[in-house]
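Nothing in this text is a laboratory measurement; each read-out follows from the coordinates by a stated rule. Source: prediction; values computed, not measured. Every residue, glycine as well, gets a Cβ built from its backbone with ideal geometry; the counts of neighbours run over all protein chains shown.
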Amino acid sequence: MAEAMPQNPAGLLDRWRELRDDIEATGVRLLAVSKYAPEEAVAALIAAGQVDFAESRPQQLRDRALRYPAARWHMIGPLQKNKARYIARHAAAWHSVEDIDTARAVDARVEGRRLAVFVQVNVGGIAHQHGVHPAGLARLLEGLAGLPNLSLSGLMCMAPRDGDARACFAGLRGLRDALGNGSLAGAKLGLCMGMSGDYRIAIEEGADIVRIGSGLFDATSETQHPG
Ligand SMILES: *Cc1c(COP(=O)(O)O)cnc(C)c1O
């Protein structure tokens, strides 16, 4: 493991500053998706002041949460019940809640705190995509309301690979706004949406949190560049 002084691998800190300034100027939070990032890149970003990181594999989240306790580690990938304890113990927030059984398994293992959760929605109802179908959202939210250690923070979505990102993001906002007039009146839920290729569209459509991986860590990626 790299114990060397954090450097600026391949312009990482320049990309980070540019993205951070672009994103946080709008009041939106930047999640650095470090699932494929090497340790030295993570260490360099933490040293530069990035706090929120996201991982898609529970064991890597656990390992990094233990290694870098000053950062906040967000879970964004599909979760199996037998990995629930890693998220219950180490995640700052869990953004990929999609079924009540897995949520119960995590809730049962959270100790001494409430874990912030986002429900991942399959906005277009597309086959084989992760997330709860919009028709099942209200029922899942009702179930979550009965779990004492989970605290509903918002909704999350991923735009379909070759689909209309703006329609997906606007759809998630519409689902959130419809809930606001109903059973969840009062608590304004956040929207976690937008990745390297579409984050500016997500911000235009009301994102509160964007998740950026390749556009930050991969010098060769096609990011939607600011401006
Ligand atoms: C990998 C991943 C991201 C980051 O995607 P990039 O296109 O690399 O920015 C965002 N959200 C989720 C759920 C992911 O799995």
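Charged neighbours of ALA41, selected by a Cβ distance under 14 Å, balance to -1 (K, R count +1; D, E count -1). Charges were assigned to the Cβ only: +1 to each Lys and Arg, -1 to each Asp and Glu. The resulting dipole of the chain about its Cα centre is roughly 800 debye. Take every Cα pair under 8 Å whose residues are at least 6 apart in sequence, average their separation, divide by the length of the chain, and the relative contact order is 18 percent.
Summarising the label geometry, the points placed 7 Å from Cα in the beta-carbon direction at ALA219 and ASN82 lie 4.1 nm from one another. Exactly which chymotrypsin sites (Phe, Trp or Tyr not before Pro) in the stretch 55-110 are in a DSSP loop and have at most 16 other Cβ atoms within 10 Å? Nothing satisfies the criteria. Local charge for GLY27 was computed over the other residues whose Cβ lies under 15 Å away, with Lys and Arg +1 and Asp and Glu -1, and equals -3. Summarising the amide proton neighbourhood of ALA54: residues at separation of 5 or more, or on other chains, whose placed amide H is nearer than 5 Å comprise ALA32, VAL33, SER34, HIS74. Rounded to the nearest 0.05, the FRET efficiency derived from the C-beta distance between ASP21 and LYS188 at R0 = 22 Å is 0.30. Scalar couplings 3J(HN,Hα) for the stretch 101-110, obtained by applying the Karplus form with A = 6.51, B = -1.76, C = 1.60 to θ = phi - 60°, are 5, 5, 4, 4, 5, 6, 3, 5, 10, 7 Hz; x denotes Gly and Pro. Exposed loop sites are taken as GluC sites (Glu not before Pro) in a DSSP loop (any state but H, G, I, E or B) with at most 16 other beta carbon atoms within 10 Å; the longest stretch of the chain without one runs 112-221.
Looking at the stretch 98-176, the trypsin sites (Lys or Arg not before Pro) that sit in a DSSP loop and have at most 16 other Cβ atoms within 10 Å of their own Cβ are ARG109, ARG113, ARG114, ARG161. Positive contributions from Lys and Arg (+1) and negative ones from Asp and Glu (-1), summed over other residues with Cβ under 11 Å from the Cβ of ALA65, come out at +3.
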